[in-house]
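Worksheet: one structure, shown below.
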């Protein structure tokens, strides 16, 4: 699920505060790199416990979410990216919809509105970094979480290492990651990160976390030429899929929920207090990241309508929660 991906950096607030501090002894910045890390496949995108770095220069990622398949008019991508840039964002994350690219098994198409290249080109022209999220499972409030319809009559449990599923995803994953690989920053493109899977968190008995699946999926990515860091997102701070290059406890946060029928009733636990503690307990030497942060709500069948959803996550919600995100120790 992804309504808004926000990494918030209060540079102006910090600058204002510093301007009021009396001169005194010089203090070493705590944002100096302590241990710069790399995935070993390239050295352009690196990181430490505070942020990503591009060619050694610190980058605080402030990203929105744009899905190319929701905008079939390819010529409009540049206009969208320019508006995003004008709002102060420096990156965009995007899902790729497998079911749209391979509606019939074995027939993958990047023709017409399915072509991803105009999206990549527009981002580069606008000066926007891209974070690719090809799944194969994406959720994104899409039919079947992005899976193609023919998957419903493909035997075996999906999102596991069983061979029927691995055979099903093979063609799509190879095709889409090859397209993404050609547009990485290491090749002059805008892609700086690639996300594997999506919210691989809600595992229920009798199933357990399938580490073999994770290993095989990551190998498909790297065999297709993905060299930039591979990451993932937890639906909550759960410590799942930590085998990626950067497991920075990238979690999702939808603090006000989705009950649009009661737009004036905010969740009592809208600000979970355990996020930072979970980060310190799982990966204190890597980044602390909010991968998805609520920017709206969806209205299900028979719901109260999007007018009330707009109230639920309107200006009051945004002022409170986004200011909190600025204040919180989120570094990426």
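Every number in this text was worked out from the coordinates using simple rules, so none of it is lab data. Keep in mind the model is a prediction, meaning the values are calculated, not measured. Don't worry about glycine lacking a Cβ; one is built from the backbone with ideal geometry, like all the others, and counts go over all protein chains shown.
Counting 0.36 nm for each residue step from residue 174 to residue 280 and taking away their Cα separation leaves a gain of 34.6 nm.
For the peptides 184-190, 257-263, 155-161, residues were scored by their other Cβ atoms within 10 Å and the scores averaged per peptide; the highest-first order is 184-190, 257-263, 155-161. The packing ranking of peptides 124-132, 166-174, highest mean first, is 124-132, 166-174, where packing means the average number of other beta carbon atoms within 10 angstrom of each residue. Placing a label point 7 Å from the Cα of residue 43 along the Cα-to-Cβ direction, the residues of segment 211-249 with a backbone N closer than 18 Å are 227-229. Segment residue 58..residue 310, full-extension length gain: 87.2 nm, with 0.36 nm per residue of separation and the alpha-carbon distance subtracted.
For the peptides 52-65, 84-97, the ranking by packing is 84-97, 52-65, with the highest mean count of neighbouring Cβ atoms within 10 Å listed first. Spin-label model, residue 108/residue 216: points 7 Å from Cα along the beta carbon direction are separated by 1.6 nm.
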